[in-house]
Amino acid sequence: MNEPIQENPDSPVWAREDSFPTAPSGWGWVDIKGNPHPCDSLEKIATAIREDRDGSVNLVWTPAQPRMVLPEELEGMGDALRFARERWTRDDLEETGGKLRWFGTILVGFSGYAFVGGWIFAGRLAAQSGTPISSLEHLKFATKTMFESTQSGLALLMFVIFAFIPWYQARKRRKELGNWTEAGIADFAPTIRFETWLERQHAPLTRLFLVLIALVALAQIGCKVGTEGMASLMSVFHNWDGTKAAGLLKPEYHQGQWWRLFTAPFLHGNIVHLLMNAAALAYLGKRVEIFARWPHLPMVFLFAASIGGVASARFIDAPSVGASGGLMGWLGFLLVFETLHKPLVPRRARRRLAAGVFLTALIGLIGYRYIDNAAHAGGLLAGMIYAAIVFPASSSPHRPRTTITDRAAGVAAMLVLIAAAGFAVVKIVNG
């Protein structure tokens, strides 16, 4: 449990001297799980940093500091940090390069299979009709078949999400290694301190969101097992049950089943969909809860998910499930909120949010047949509007305080979301 943080008029909460725990006596370091590792010299700390293969050296302490600090903030650690960084980036690039080749092979395989199938089918159609087709027409038909193939489209989407983007980010980190000098570390330290501090904070309402989507997912899996037997557990990557019962079915919504706007965000199509949204929820939710305060977490999600659902119903005919509208609302909210409150967050951390919007747009463009871009855009815009209206620009480094009205509205919004998740479970179980 972190100690109470004293307000400081000059620094944001993560940059204050008392933002990390009090240092024990002597020397040592703390791993990412919070376990202390005392040692007897500064050299031993440097050795731990050099031998750190997975970023486990989280904080360090020495007799000279009253509080724990980042390894990047400890004088004389430049060589050890660069050595560790060089190995991390090399290993990361090798690992992501392997994924790039593996997913690339899958993509080529599915695309090639679809292309050959289209070529053969074009030949059969020509033979049946008795009308010969040119090689160019043959090629056009096979290419069209490849691009319209569901398997090829999904393979391309998986390639971009799980291979190309991680590889590109690893390559970028490797390129930045040239700036990882004793002097250059000072430029990265604020962002690292911000992320480290944020990771150590407790966000109970964000955890409640995770529990809610997990409970609904269990209901979906349970119903799938109930209808298809235990063998269906092996098909966790396939479509889960519950969409008809509580998803955003557009005809039913237009006929008056408005409640689907609130139940659909808690449903997910498969395990990959769930895990991707859960990861985004854990990070974005904590960032909203910690910096804008907890009442705005459910209020932004409820508003953005609703607007995203309405946009989806307006522009997309296919059924929709997933928390993406609300998550994009949190992302849009943070973009505007942190821009209007620049002292709260380091510039590099704000730029990562903008990169998140770009990557989401890229993924949506590539996977437009499988991704509800209308819900994404509607949720993003709703979150941005909410932040612009509720939080005027401020040069203060302090986080905004909540009012009684904020807390009452936040409780009401959270109760609505809990009720929606519970209602989704009931509808799924009852079919």
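Brief remarks on what is shown
- Residue check for Ile192: at pLDDT below 90, over 30 Å from Asn239 (Cα atoms) and touching a helix residue (DSSP H, G or I) at 6+ places or on another chain (Cβ under 7 Å): no
- If only residues of the stretch 242-278 that are in contact with a Lys or Arg (Cβ under 8 Å, 6 or more places away or on another chain) and open to solvent by less than 20 Å² (accessible area, probe 1.4 Å) are counted, the one that is nearest to Val225 (Cα to Cα) is Gly242.
- Checked against the criterion of being in contact with a helix residue (DSSP H, G or I) (Cβ under 9 Å, 6 or more places away or on another chain), open to solvent by less than 10 Å² (accessible area, probe 1.4 Å) and not aliphatic (A, V, I, L, M), the candidates Phe315, Phe301 yield just one match: Phe301.
- Some residue of the stretch 178-187 being at pLDDT 90 or above and not hydroxyl-bearing (Ser, Thr, Tyr): no
- Criterion: of a type outside the set (Lys, Arg) and modelled with pLDDT under 90 - qualifying residue of Ile418, Ile366, Ile389: Ile366
Every residue, every condition in (1) of a type in the set (Gly, Ala, Ser); (2) out of contact with any Cys (no Cβ under 9 Å at 6 or more places or on another chain); (3) surrounded by 15 or more Cβ atoms within 10 Å (Cβ to Cβ), yes or no:
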residue: Asp52; (1), (2), (3): no, yes, yes
residue: Asn58; (1), (2), (3): no, yes, yes
residue: Ala64; (1), (2), (3): yes, yes, no
residue: Asp79; (1), (2), (3): no, yes, no
residue: Arg82; (1), (2), (3): no, yes, yes
residue: Arg90; (1), (2), (3): no, yes, no
residue: Lys99; (1), (2), (3): no, yes, yes
residue: Trp102; (1), (2), (3): no, yes, no
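- Residue in the stretch 97-109 that is without any contact (Cβ under 8 Å) to a residue 40 or more places away in the chain and either among the hydroxyl-bearing types (Ser, Thr, Tyr) or not in a helix (DSSP H, G or I) (or both) present: yes
- Condition met for Ile389 (among the hydrophobic types (A, V, I, L, M, F, W, C) and part of a loop (DSSP other than H, G, I, E, B)): no
- Screening Leu297, Leu284 for residues that are under 30 Å from Pro343 (Cβ atoms), hydrophobic (A, V, I, L, M, F, W, C) and in contact with an Asp or Glu (Cβ under 9 Å, 6 or more places away or on another chain) leaves exactly one candidate, Leu297.
- Scanning the stretch 28-67 for residues that are of a type in the set (A, V, I, L, M), part of a strand (DSSP E or B) and in contact with a Gly (Cβ under 8 Å, 6 or more places away or on another chain) gives a single hit, Val60.
- Scanning the stretch 13-33 for residues that are open to solvent by less than 30 Å² (accessible area, probe 1.4 Å), β-branched (Val, Ile, Thr) and in contact with a strand residue (DSSP E or B) (Cβ under 7 Å, 6 or more places away or on another chain) returns a single hit, Val30.
- Answer residue from the stretch 126-167, given it is of a type in the set (Ser, Thr, Tyr) and surrounded by fewer than 14 Cβ atoms within 10 Å (Cβ to Cβ) and is nearest to Gly356 (Cα to Cα) among those: Thr150
The values are calculated or read from the model by the stated rules, or taken from the named source; none is laboratory data. Given the structure is predicted, the values throughout are model-derived calculations rather than measurements. Using ideal geometry, Cβ is built from the backbone for each residue, glycine included, and neighbour counts are taken over all protein chains shown. Remember, those area values only see protein heavy atoms, side chains included, never the ligands or the DNA or RNA. Shrake-Rupley method; radii C 1.70, N 1.55, O 1.52, S 1.80 Å.
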